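Notes follow the structure.
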Amino acid sequence: MTELSEQAAKVLGPLSGTATVWSLDLGLRLGLFQHLATESDGATADEAAAALDLDPQYTHVVLRAAYAAEVLDRRDDRYRLAEHMAVLLLDPDAPGYLGGAIKTFVALRETYLDLRTLASSGEREWWSDFDAEWIDAVGENGQTYYRRLLNLVVPKLPPVAAALGRGARYLDLACGVCRGPAKVVEAFPGTAVTAVDCDAYTLEVAEREMKERGLGDRFRFVHSMLEDLDIDGGHDLAVINISLHEARNIERAVERAHAALDPGGTFLVSEFPFPEREEDCRSVPGRLMCGVQFFEAHIGCQLLPTARFVELLQAAGFNDVGVVDVTPMQVVVHGTK
Ligand SMILES: C[S@@+](CC[C@H](N)C(=O)[O-])C[C@H]1O[C@@H](n2cnc3c(N)ncnc32)[C@H](O)[C@@H]1O
């Protein structure tokens, strides 16, 4: 028989996780972890507060909570980042970067709060209804999927590697704020990007950020629904990252991607591999994706299992459809026109 205390632990563990997530978000936003990364001897809470012009008590509360979560180490009152935390929390170009995931789960509060009323009314919202913080957080998280795409997937697909090496005409569908496509251009400077998104504010941010990164001339921005995309041919590669499940008409969106490629071009669908069976949601990735499903429900869709993307690409006439399992939270389904 299961003890009451064992059942209580199933609630208390996640509750402590909430405290950790918020302390990590604050530690990042206040620059505390960045500061500790530059201090070889670490810093006391008072020293960190003085260096960053913060209140000492608040600073101590954040650092102590991160220490409790084993994200920071501590010796003689001096806090320092635990092993690998500088990469996981502070390096937005690392394949294992988690700073964007932290921001995303904190920004998800907008959905949880809205659902208090929308769960009864059944009303849905759309990207243009969301706070700038959500758009930024999703872009911060999304870029890591592109880093893994470049490091782990492209080397497995020689025609894609060759096209990028030659200077590909690359279509990014549902491009968001383009931090991911920017990585592709930085890795392959000959690349020309057609970046498509339906959200005007998102495209405005993307355009500004690409100019600031000195990449403005590599991008052409197209404000369109994927389903209405009016591009016939002219691309060697089309990528859609963590977005195809959001299409209002998913078959039509894949059809338009197919149309925008030249013969021989490749379509890469990078997605969350939602478990086929509800039982398989009982895992850390399963629980995280169940969290993402709240946002997806908020905009009237849901994450889908990998098999559905394979089916969609095959139905649209893509050849040699294959799957690369990247992490338990990322799968890439690819097909050739
Ligand atoms: C989860 S975000 C991902 C953004 C980007 N791919 C990334 O990884 O950072 C989804 C993006 O898709 C856009 N989007 C969703 N459905 C769309 C549709 N049917 N047509 C065009 N854009 C769409 C949203 O505006 C949003 O910017």
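Calculated on the alpha-carbon coordinates, the convex hull of the range 266-326 measures out at 99 cubic angstrom per residue. Estimated at 0.36 nm per residue, the fully extended path between Val61 and Glu125 surpasses their Cα-Cα distance by 19.4 nm. Using only side-chain charges placed at the Cβ, +1 for Lys and Arg and -1 for Asp and Glu, the dipole size of the chain relative to its Cα centre rounds to 640 debye. In order along the range 300-317, phi translates into HN-Hα couplings of x, 9, 8, 5, 10, x, 3, 4, 5, 6, 4, 4, 5, 5, 5, 5, 7, x Hz, rounded to whole numbers, per the Karplus curve 6.51 cos²θ - 1.76 cosθ + 1.60 with θ = phi - 60° and x for Gly and Pro.
Amide H to amide H, with H built 1.01 Å from N, Val326 comes under 5 Å of Val331, Val332, counting only residues 5 or more places away or on other chains. Taking every alpha-carbon pair under 8 Å whose residues sit at least 6 apart, the range 4-90 reaches a relative contact order of 29 percent.
Considering only Val177, Gly286, Tyr145, and ranking their Cα positions along the charge dipole of the chain that arises from unit charges at the beta-carbon of Lys, Arg, Asp and Glu, the one farthest toward the positive end is Tyr145.
In the range 180-337, Cα pairs under 8 Å separated by at least six residues give a relative contact order of 20 percent.
For the ranges 75-81, 15-21, what's the packing order if you count other beta-carbon atoms within 10 Å of each residue, average per peptide, and put the highest first?
75-81, 15-21
3J(HN,Hα) couplings calculated from phi for the range 177-192 with the Karplus curve 6.51 cos²θ - 1.76 cosθ + 1.60 (θ = phi - 60°) are, in sequence order, 7, 6, 5, x, x, 4, 5, 5, 5, 5, 6, 10, x, x, 6, 10 Hz; Gly and Pro show x.
A cut-off under 11 angstrom between Cβ atoms defines the neighbours of Asn151, and their net charge, with Lys, Arg +1 and Asp, Glu -1, is +3. For the chain, a Gaussian network of Cα nodes joined below 10 Å ranks Glu279, Glu255, Glu186 by mean-square fluctuation, and the top entry is Glu279.
May I ask you to work out the translational diffusion coefficient for the range 103-336 at 37 °C, viscosity 0.692 mPa s, via Stokes-Einstein with Rh from the Kirkwood sum over Cα pairs, reported in whole µm²/s? Roughly 183 µm²/s, to the nearest whole number. If only the Cβ of Lys and Arg carry +1 and only the Cβ of Asp and Glu carry -1, the dipole of the range 208-337 around its Cα centre is close to 360 debye.
Length gained on full extension, Arg75 to Asp46: 9.0 nm, using 0.36 nm per residue less the C-alpha separation. Any idea which of Pro158, Ile135, Gly234 is furthest toward the positive side of the dipole for the range 103-336, if Lys and Arg beta-carbons carry +1 and Asp and Glu beta-carbons -1? The residue sitting farthest along the positive end of the dipole is Pro158. For the chain, a Gaussian network of Cα nodes joined below 10 Å ranks Asp41, Asp325, Asp172 by mean-square fluctuation, and the top entry is Asp41.
Cβ crowding within 10 Å ranks Thr336, Thr191, Thr144 as Thr336, Thr191, Thr144, fewest other Cβ atoms first. Close amide H partners of Leu268, meaning residues 5 or more places away or on another chain with modelled amide H under 5 Å apart, are Ala238, Val239, Ile240. With the simple model of a label 7 Å out from the Cα in the direction of the Cβ, Leu12 to Arg208 spans 4.6 nm. With 30 Å as the limit on Cα-Cα distance, the pairs of Lys156/Lys183; Lys103/Lys337; Lys103/Lys183 that go past it are Lys103/Lys337.
Fewest first, what order do Lys103, Lys156, Lys183 take by the number of other Cβ atoms within 10 Å?
With the sparsest Cβ surroundings first, the list reads Lys156, Lys183, Lys103.
The phi-based Karplus calculation (6.51 cos²θ - 1.76 cosθ + 1.60; θ = phi - 60°) puts the 3J(HN,Hα) values of the range 27-38 at x, 6, 5, 7, x, 5, 6, 4, 5, 4, 5, 8 Hz, whole numbers, x for Gly and Pro.
Summing charges over all other residues whose Cβ lies under 9 Å from the Cβ of Gly180, with Lys and Arg as +1 and Asp and Glu as -1, gives +2.
Hey, got the dipole for the range 4-90? About the Cα centre, +1 on K and R Cβ, -1 on D and E Cβ, debye to the nearest 20?
With only Lys, Arg, Asp and Glu charged at Cβ, the dipole is about 280 debye.
Against the main long axis of the alpha-carbon atoms of the chain, helix 284-298 sits at an angle near 70°.
Rounded to the nearest 500, the 222 nm mean residue ellipticity of the chain from helices alone is -15000 deg cm²/dmol, with -39,500 (n - 2.57) taken per DSSP H run of at least 4 residues. Compared with the dominant Cα axis of the chain, that is its longest principal axis, helix 109-121 is turned about 70°. Between 0 and 90 degrees, rounded to the nearest ten: what's the tilt of helix 56-68 against the longest Cα principal axis of the chain? Result, in degrees: 70. In this structure, the amide hydrogen of Leu261, modeled 1.01 Å from its nitrogen in the peptide plane, lies closer than 5 angstrom to those of Gly233, counting only residues at least 5 positions away or on a different chain.
Distance from the C-alpha centroid of the range 79-123 to that of the range 220-280: 25 Å, rounded to the whole angstrom.
Every number in this text was worked out from the coordinates using simple rules, so none of it is lab data. Bear in mind that the values here come from a model prediction, so they are computed numbers and not experimental data. Note that we place each Cβ from the backbone using ideal geometry, even for glycine, and neighbour counts take in every protein chain shown.
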